[in-house]
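Heads up, the thing below is written out as structure tokens.
Laboratory data are not the source of any read-out in this text; all were calculated from the coordinates shown. Predicted model only: the values in this text are computed from it and were never measured. For neighbour counting, all protein chains shown are included, and Cβ atoms are generated from backbone atoms with ideal geometry for every residue, glycine included.
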Amino acid sequence: MTQREMAGAMKVAVSTVNADLKVLRAQWTRTQIGGMDNVMVEDLHRISSAMQAIWAEVAGGNLFAIDRLVKLIELRARLLGYEPPRRLDLTSGGQRIVAISEIVSRLTDGGTAEGEASRSDAPLQLEG
């Protein structure tokens, strides 16, 4: 149902419906954020409980328990926002990136990436 249809059904101005919807959206957002805070607190409590439950095994040198502890610490860090951001390479697909200045230098020096004589019909060879 559109705002115009709501206004017609309730016999009010469209601006009234628009203002009411803004208030409702703001209230909904506040309740959802509060709900998420509660979920996060519950999750942090569960993580803490799990860490306490495996601590004896960790202290005893159980490698699996140590690995689980590390994972729980990492999860807690992500939830609390103190884990450093992950670096993502979104441009090169993991291949070596060659600076434009390096390409220009190679072309003007008359060589390819391997330092061989360049042919005008040969593509520039890049390391990869």
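Give the whole-number value, in cubic angstrom per residue, of the convex hull volume spanned by the C-alpha atoms of region 5-60.
Output value, Cα hull per residue: 77 Å³.
When Lys and Arg each count +1 and Asp and Glu each count -1, what net charge do the other residues less than 15 Å away from PHE64, Cβ to Cβ, add up to?
Counting the neighbours of PHE64, the net charge comes to 0.
Round to the nearest 0.05 the FRET efficiency obtained for TRP55 and THR31 when R0 = 41 Å and r is the Cβ-Cβ distance.
0.65
Could you give the size of the charge dipole of region 3-86 about its Cα centre, using +1 on the Cβ of each K and R and -1 on the Cβ of each D and E, expressed in debye and rounded to the nearest 20?
Result for region 3-86 is approximately 380 debye, rounded to the nearest 20.
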